[in-house]
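Remarks on the structure that follows.
The values are calculated or read from the model by the stated rules, or taken from the named source; none is laboratory data. Everything numeric here is computed off the predicted structure, so don't read it as measured data. All Cβ positions, even for glycine, are placed from backbone atoms using ideal geometry, and neighbour counts span all protein chains on display. When the accessible area is computed, the model is the full protein with side chains, heavy atoms only, and any ligands, DNA or RNA have been set aside. Shrake-Rupley method; radii C 1.70, N 1.55, O 1.52, S 1.80 Å.
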Amino acid sequence: MKRVIRGVCKFFVANAAVVITIVLLPVFVITDDVSFFDQIMDYLFNNNQS
């Protein structure tokens, strides 16, 4: 059950990350240091099973 909840949570975070990426496109043109976006990507792609 915990895996299902984690999967659903990651699904919504991934969709939110796509929207945030589209919104931040002008920021990425100027700089590549967006710590909030980096934290989201670390959460999505971290293979640590904690």
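Structural remarks
- Fraction of accessible area attributable to carbon and sulfur, the chain (%, probe 1.4 Å): 67 percent
- Cα-centred dipole magnitude for the chain, charges only on beta-carbon of K, R (+1) and D, E (-1), debye, nearest 20: 460 debye
- Estimated FRET transfer efficiency when R0 is 25 angstrom, pair ASP32-PHE11 (beta carbons, to 0.05): 0.45
- For the chain, alpha-carbon Rg relative to the globular expectation (2.2 N^0.38 Å, N residues): 1.31
- Take the chain with all the other protein chains still there, run a 1.4 Å probe, and you get 86 Å² of accessible area per residue.
- Degrees between helix 2-23 axis and first principal axis of the chain (Cα, 0 to 90, nearest 10): 10 degrees
- Between ASP42 and ARG3, the distance separating the two model label sites (each 7 Å from Cα on the Cα→Cβ line) works out to 2.6 nm.
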